[in-house]
Structure formats: structure tokens, C-alpha cells
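For reference, the structure discussed in these notes is given below.
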Amino acid sequence: MIKNLQCLRAFAAINVVYFHTLLASESYGKSVSIFSIIGTWGQNGVDIFFVLSGFVMIHTQIQNPKKIHEFYFSRLNRIVPIYWLITLFIVLIYFLLPDIFRNLTLDIKKIISSLFFTSQIVTGEFPIIIVGWTLEWEMLFYFIFGLSLFLKDIRKIIVLIFLFMLLIFTFSKTLLIFEFFLGVLIGYTFNKVKFSEINGLIILIIGIILLLLSIKSGFDPQKYLLVAGFKLDRFFIWGIPSAFIVLGAVYYRQISNSFLVYLGNASYSIYLVQVLTVPFFYKFITYFNIDMNSNLLTILCLFLSVSFGCFFYSLIEKNLKIKNKR
């Protein structure tokens with residue numbers, strides 16, 4: 001385990017949760033004054049996750065090679081159980097108490113496509129778990145990574161992954177898929193090239209500065225940011241800085257804070273359960289007409305969401321895995 005990357009997972013998940021907390025706050029008429037400068041910036045947690053995924057997949061394959069079926073099993077076992085559990089829970093609540101949902105309409109097509117990570121292709125919409133749109137990209141990456149494993153040479157695997165991504169780019173017209181590839185390149189580099197801790201620190205600082213520069217930009221990842229007459233999408237605004245951060249983090253001295261590592265371990269649960277905790281929190285506040293400073297509400301919502309995500313991880317996610325019998 002590379003502990004710095006677990007800390008990055010924690011940061012990425014919490015960053016996204018806070019972004020959605022800000023959105024919910026505005027949606028329920030609880031405008032936030034402090035921290036609102038972050039705005040859409042919190043979405044960069046997704047880009048960090050994508051780079052991390054690319055790194056972990058290639059690094060793990062180099063260190064502990066898996067066959068294709070072993071790779072697919074490990075990924076499905078990691079992603080699917082709690083994703084399906086939360087999705088089906090939302091479906092159940094929808095049919096029992098449909099009035100509590102503000103912007104959700106379900107039919108069999110949406111349910112099936114959500115469960116099988118194909119919502120954006122089949123329906124052109126986000127899945128039932130809204131943040132699951134990122135997992136649909138993850139599963140696509142896992143699919144092409146697994147296919148590439150029929151090649152034994154790691155360099156050929158990387159080339160084939162790149163070719164697959166070029167093909168996907170021709171259809172999707174988005175550079176987002178290449179954020180995974182940045183992680184793949186970092187993972188290969190980490191296993192082949194030795195950098196000093198000071199070099200790792202310098203690279204990490206550069207990445208952090210580049211990421212922070214976009215805070216005041218008001219950048220909307222659904223659009224392009226115009227810089228000096230050039231249109232830049234999130235790959236350049238957040239993807240490349242994320243790659244610098246991951247590259248620096250793997251070479252820099254590893255943090256030994258067990259709490260941060262635990263948050264990293266719980267990051268997937270934290271990331272998913274926010275779709276339940278954030279709206280529930282603001283519905284509760286609104287229903288009981290609780291009068292509290294909006295800034296404190298966002299902090300409290302973030303704290304409770306992360307706490308419940310940790311609880312969900314320890315109680316459910318860790319125990320909801322299929323054992324691979326050999």
C-alpha cells in the first residue's frame with residue numbers, strides 16, 4: 001500500500017462531497033458565503049480518482065500480475081456490491097415514497113442501465129446514483145485494461161491501452177479517458193525510474209499549485225475554460241495537475257497517519273453514500289425548519305456525510321465481498 005495515495009483518495013472523496021454539499025445548500029435556499037469560492041472546484045476529486053485508478057491498475061499488475069478473469073473479478077468485487085446495494089435501496093425508497101424525490105424519475109430502462117454501468121450510453125442521462133457517472137468511465141477503463149492483459153509484456157499492454165483510448169476518444173470526443181492513461185504512465189515510471197524524495201516534493205508542490213490556480217476561475221467542467229484565446233477542458237485544468245500530484249506523492253516520503261489512511265480506505269463508501277446523506281440532511285433541516293448559519297450547516301453536513309461513509313465502510317463494504325475460491 002502506498003499510503004500517500006490513500007490520503008489522496010480521502011482528499012478526492014471529501015472534495016467531491018463538499019462540492020455536492022454546496023450544491024444542496026444552494027438548492028435548499030441555504031446560501032453559503034465562506035468556502036463558496038471553491039464552487040465547482042471540488043469536482044477535481046474525480047480527476048484525481050481517475051489518475052489514481054490508472055496508477056493502481058498498472059502498478060498492481062507489475063507487482064502482482066493477474067490473469068484477465070482474475071483482474072475482472074477483483075474489480076467487480078470491489079465496485080459492484082455496494083453500488084448495487086445503494087442503487088436498489090434508492091429504487092425501493094422511490095417506489096415506496098416517491099414524493100421525497102425532487103428530480104428523480106425511474107423506469108426499467110434507467111434501473112437496468114444504472115445497474116450495469118451503461119446509463120450515459122443507453123439513456124443519455126446520469127445513473128440513479130448520480131456520482132455513478134464516474135464509475136461508468138471507471139468500468140470502461142477496467143474493461144479495456146482487462147482486454148489488454150492477453151499481452152504479457154507490460155509495455156505492449158500500455159500501448160494497447162492507449163490505442164483503445166484513442167478509439168474511445170474518436171467516439172466520445174472527450175479527453176477524460178486519458179486521465180486514466182496519465183496514471184498508467186505514472187505507475188510504469190514509478191516501477192522503472194527512481195526519483196529522490198526532494199524531487200517528489202517539488203513535483204507534488206507544482207501539482208498542488210496548478211490545481212489551486214483553478215479555484216477562482218469559475219471553471220465549469222461541462223464547458224471549456226478560455227485561457228489566452230485557447231479552449232481548455234478539465235483534462236488540462238484538473239487532469240494534468242492531478243497527474244503531477246500523484247507522481248509527486250508516490251515518490252515523496254510516505255505519510256504514516258493511520259486516520260488518513262483509514263479515510264482513504266473508506267473513500268469509495270464516502271463517495272457513494274453522499275447521494276443519500278447530503279439530500280437527507282437538507283430535507284431534515286428544511287422539514288423541521290432548523291434555523292442555523294448556512295456555513296455551519298455545510299460543515300455539519302460534510303462531517304456527517306463523511307462519518308456515515310466511514311460507518312458504512314466498516315460495517316458493510318468490508319463485509320460485502322465475494323471470496324475468490326481457488
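Data overview
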item: Test result for I206, surrounded by fewer than 16 Cβ atoms within 10 Å (Cβ to Cβ), modelled with pLDDT of 95 or more and in contact with a Gly (Cβ under 8 Å, 6 or more places away or on another chain); result: yes
item: Test: S314 is touching a residue at least 24 places away in the same chain (Cβ under 8 Å) and over 26 Å from the mean Cα position of the chain (by Cα); result: no
item: Selection count, the range 255-293, where residues are under 13 Å from S307 (Cβ atoms), crowded, with 18+ Cβ neighbours inside 10 Å and of a type outside the set (A, V, I, L, M, F, W, C); result: 3
item: Tabulated pairs, the range 1-20, first under 12 Å from V246 (Cα atoms) and part of a loop (DSSP other than H, G, I, E, B), second at pLDDT 95 or above and not charged (D, E, K, R), C-beta under 9 angstrom, 6+ apart or interchain; result: I2/F55; I2/V56; I2/H59; I2/F190; I2/A249; I2/V250
item: Condition check for I62: surrounded by 16 or more Cβ atoms within 10 Å (Cβ to Cβ) and closer than 26 Å to I245 by Cα; result: no
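The values are calculated or read from the model by the stated rules, or taken from the named source; none is laboratory data. Not measured: the values here are computed from a predicted model. So basically every Cβ, Gly included, is an ideal-geometry build from the backbone, and we count neighbours across all protein chains shown.
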